[in-house]
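One structure is given here, and the rest of the page talks about it.
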Amino acid sequence: MKHKKFLAFIAIIVIISMISIVSLYIIINTPGNIPPDNIPPIVNITKPTEGESLSGTTTITFTATDQQGFIKERQILIDGVIVQTSSYSYIWDTIQEVDGSHTILCKAKDKTVWGYDEVTVTVDNGGEPDTTPPNVTITSPIEGSTVSGTVTITMDATDANGISSYAIFIDGTFKSDTQSYFWDTIQELNGSHTILCEATDLSANTGSDLISITVNNTGIEPESPVIFKLMTFNINESGENPDWKSVVKEENADIIMFIETGYWDDNSNEKLNQYVNEFNTYFADEDPYIGYCTQGITYGTDGAAIMSRYPVIASNQITHVPLDNNTSYDVTHDFFDVKVNVSGTLMHIIGSHLKAFTGSQNEQIREWEQEGIINYMDNLGNIPIVYLGDLNSFSPEDWGLNTLQSGLGYGPLSMMVPPYNNPETGGDYSAYSSAIHNWTDIHRTLNPTDWGVTYPSEDSRIDFIYVNQFLFSNIINSTTGDTAHAISGSDHFSVDVFINLT
């Protein structure tokens, strides 16, 4: 009898245990009850090594891997101070440090937790900080010379510890961040002008050379305005697919606004300069590109850059825009306003990347951003403007052509061309539209029967080029994604337009 009771007791224990295990399995695998990822990324400092003695400049590098393959944030710290947040490398000028022991901490975070690696190194620079600026010499043109037409400005710059950046100024106005610049003096007044060339080393010491020259274009007529090609291209996460470069080579545009350039600004615009040089080598018979990109970019899906064969007069990274209620709105992706001199016509080319994703909250953010950039453009005045990029929204004329469009809305577009009251939604966006500019959607105007897909993965058109009243009568033709590598180069198609300023 006791034996049977014992067996019954054991059976009850087994049943309870099985119920507990099954219940726990159900709880863990029920949506919303999945336990958080508490396993940190594996971080490994690859350079320098533990105990290494350093001097001058050195590059800190590290790797990070995660079980779920997702790294959200990264940091490099020296002696507890964050020095890098957007890259897996950092150029460290140890000359600015006190000789002795220093710690390098590299961190990476997945969706929830940080992983890290730390090494201790010794700095030994003999105790002398670098206070010597680079030696800079303008090699062309020559001091006191008289120039005309197009002039190439070049400089030589040397420094014992390396150069971090360059700058060329004409009459105090910044022109280029490279060692050379093609200067069209026909756009200048005859008379005396100054050229200032600067170079900054890795210790933030700046050397310079300044000369005065005379411009004399008497009897030389400016060249007739030429037809130029302008393009916008979302290259998708800093150009993760290298075929984007093939699209650029196939399009051969004179001015290109890139979106999602990511970390092109790292290490003194290293990637930007790499691509500018690559394309200038490829297009050896064309005028060279000059490149500029936004700075301080944290994510690969952010950032904008321009390459132009025409002189860039100024650039402005727009982090906040003015709303109609006189408040300042912090935009999701910084706008990029670049002022370009195209054959004597000064125009603002403004790159845009509005808030992504569907849903009413994201639509509202897009509308605030569009409202603000329209106000910004109105504040520039009655001047030629091109507005382009990835607007993450749909043209009113395209609405309803495909069910995949639902959710992205078209408020930002209804503020542009033309402002109107939509009877389907009751939304009236005319109050948010420009007070001084009339906008033309160049692809829809030139191709009224062609939908013009620009985001092929969703069979949608979210990339646009707009011109205002100064330029709409000069547009010739426009195409979208018509190159050999259009589909493989990015998850967006490039959009381009030919403009004749005659």
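The values are calculated or read from the model by the stated rules, or taken from the named source; none is laboratory data. No experiment lies behind these values; they were computed from the predicted model shown. Reconstructed Cβ throughout: ideal geometry from the backbone, glycine too, with neighbour counts over all protein chains shown.
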- Just one listed residue, out of Asp117, Asp130, is surrounded by 13 or more Cβ atoms within 10 Å (Cβ to Cβ), touching a residue at least 24 places away in the same chain (Cβ under 8 Å), acidic (Asp, Glu) and not in a strand (DSSP E or B), and it is Asp130
- Query: Which residue out of Gly351, Gly372 is small (Gly, Ala, Ser), in a helix (DSSP H, G or I) and not assigned by TED's automatic domain parsing to the domain that holds Asp184?
  - Reply: Gly372
- the stretch 167-205, residues that are among the small types (Gly, Ala, Ser) and either assigned to a strand (DSSP E or B) or modelled with pLDDT of 90 or more (or both): Ala167, Ser176, Ser180, Gly191, Ser192, Ala199
- Only one of these conditions is not met by Asp334: (1) within 17 Å of the chain's Cα centre (by Cα); (2) part of a loop (DSSP other than H, G, I, E, B). Which number is it? (2)
- Message: Restricting to the stretch 464-478, and then to whatever is crowded, with 21+ Cβ neighbours inside 10 Å and within 15 Å of Ala253 (Cα to Cα), can you tell me which residue is farthest from the chain's Cα centre (by Cα)?
- Response: Ser478
- Quick one: in the stretch 418-456, which of the residues that are under 26 Å from the mean Cα position of the chain (by Cα) and among the β-branched types (Val, Ile, Thr) is modelled with the lowest pLDDT? Val453
- Just one of the numbered conditions (1) under 23 Å from Val338 (Cα atoms); (2) buried (at least 16 other Cβ atoms within 10 Å of the Cβ); (3) β-branched (Val, Ile, Thr) is not true of Val215; which one? (1)
- Task: Read through the list (1) in the same structural domain as Leu210 (by TED's automatic domain parsing); (2) closer than 26 Å to Thr261 by Cβ, then give the number of the only condition that Thr85 fails.
- Result: (1)
- Query: Of the residues that sit in the stretch 255-270 and are among the charged types (D, E, K, R) and under 9 Å from the mean Cα position of the chain (by Cα), which one is modelled with the lowest pLDDT?
  - Reply: Asp265
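Select from the stretch 384-412 the residues that are within 21 Å of Asp496 (Cα to Cα) and assigned to a loop (DSSP other than H, G, I, E, B) and write down the one among them that is modelled with the lowest pLDDT. Explain how you work it out, then say what you get.
Within the stretch 384-412, the first condition is being within 21 Å of Asp496 (Cα to Cα), and the residues that meet it are 384-398, 412.
Filter once more, keeping what is assigned to a loop (DSSP other than H, G, I, E, B): 384, 391-395.
Values: Pro384: 96, Leu391: 94, Asn392: 93, Ser393: 90, Phe394: 83, Ser395: 77.
Here the answer is Ser395.
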- Message: Is it the case, given these coordinates, that Ile82 is in a strand (DSSP E or B), farther than 22 Å from Tyr299 by Cα, at pLDDT 85 or above and not polar (S, T, N, Q)?
- Response: no
- Task: Give the number of residues within the stretch 436-463 that are crowded, with 19+ Cβ neighbours inside 10 Å and either without any contact (Cβ under 8 Å) to a residue 24 or more places away in the chain or farther than 30 Å from Pro242 by Cβ (or both).
- Result: 5
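For (1) outside any helix (DSSP H, G or I); (2) more than 23 Å from Phe228 (Cα to Cα); (3) in contact with a Lys or Arg (Cβ under 8 Å, 6 or more places away or on another chain), each residue gets a yes or a no:
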residue	(1), (2), (3)
Ala435	yes, yes, no
Asn438	yes, no, no
Arg444	no, no, no
Thr449	yes, yes, no
Val453	yes, yes, yes
Phe464	yes, no, no
Gln469	yes, no, no
Thr479	yes, no, no
- Message: Checking the structure you have, find out if any residue of the stretch 202-209 is within 21 Å of Gln295 (Cβ to Cβ), touching a residue at least 24 places away in the same chain (Cβ under 8 Å), crowded, with 17+ Cβ neighbours inside 10 Å and in the same structural domain as Thr332 (by TED's automatic domain parsing).
- Response: no
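Yes or no, residue by residue, for (1) in contact with a helix residue (DSSP H, G or I) (Cβ under 8 Å, 6 or more places away or on another chain); (2) in contact (Cβ under 8 Å) with a residue 60 or more places away in the chain; (3) in a helix (DSSP H, G or I); (4) under 23 Å from Met347 (Cα atoms):
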residue: Leu230; (1), (2), (3), (4): no, yes, no, yes
residue: Glu250; (1), (2), (3), (4): no, yes, yes, no
residue: Lys271; (1), (2), (3), (4): no, no, yes, no
residue: Tyr275; (1), (2), (3), (4): yes, no, yes, no
residue: Glu278; (1), (2), (3), (4): yes, no, yes, no
